[in-house]
Amino acid sequence: MEKDKPAERTGRLEPLIFTVRGRRVILDADLARVYGVATKALNQAVKRNSERFPEDFAFQLEQGDIQNRSQIVTGSQKHRDPMIRAWVFTEHGALMAANLLRSEQAVRMSVYVIRAFVRLREEIAANEAILKRLAEIDRTLLQHDSALRDIYRKLLPLLQPPPDPQRRGIGFHTSHE
């Protein structure tokens, strides 16, 4: 995979998108690589135009934002000063960044980035529909399970072998024995 056009080569940006603070985001270094600019240039453009990036478009990561460090294991973290917190961009922030950068690749790839966010949103919606259907099936199975348990309790006495009849012993018996 070439570093200059990773999305065009692999066709998948979704692995670069993860959830932080309940939002789907892409890391600044990954977005910069997709747009064909340096991470520093992207972050400088964001700082110069901070009024275009409210909290729901872009925000800097805090220490507690990432529970699973492997969630953002990328080459971007390798060369970053640990004192500099990474920026993450939501779908709208990624589009706004492409508009600021104005490079040909940024414009071309912005459509690609937005489509990746849309695909993820569609997959989440499909998963929610599947989970809803599974919950319905689970409820139905629990009802059937209860009905079957009731039938089993009623049939259990009928399935038991009849008790052995009392046999009279061999020989002469008197009525008071």
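Nothing in this text is a laboratory measurement; each read-out follows from the coordinates by a stated rule. Given the structure is predicted, the values throughout are model-derived calculations rather than measurements. Neighbour counts run over all protein chains shown; Cβ positions are idealised from the backbone, glycine included.
Please list, ordered by chain and number, the residues whose modelled amide H lies under 5 Å from the amide H of Val20; skip anything fewer than 5 residues away on the same chain.
Result for Val20 returns Val25.
Using only the alpha-carbon atoms, what does region 87-177 span along each of its principal axes? Please give whole angstrom values in decreasing order.
116, 19, 18
Amide H of Leu13: which non-local residues (sequence gap of 5 or more, or other chain) have their own amide H closer than 5 Å, using H built in the peptide plane?
HN-HN under 5 Å from Leu13: empty list.
Once both labels are modelled 7 Å past Cα along the beta-carbon direction, what's the Val118-Lys154 spacing in nm?
The modelled label-to-label distance comes out at 5.6 nm.
Once phi is turned into θ = phi - 60°, what whole-Hz ³J(HN,Hα) does the Karplus curve with 6.51, -1.76 and 1.60 give for every residue of region 108-122, x standing for Gly and Pro?
Ordered by residue, 3J(HN,Hα) equals 5, 7, 4, 4, 5, 5, 4, 4, 5, 4, 5, 4, 5, 4, 5 Hz.
Using packing as a proxy for protection, rank 112-118, 127-133, 51-57 so that the peptide with the highest average count of other Cβ atoms within 10 Å comes first.
The packing order, highest mean first, is 112-118, 51-57, 127-133.
Once fully extended, how much extra length lies between Ala126 and Gln143, figured as 0.36 nm per residue of separation less the alpha-carbon to alpha-carbon distance?
Gain in length upon complete extension: 3.5 nm.
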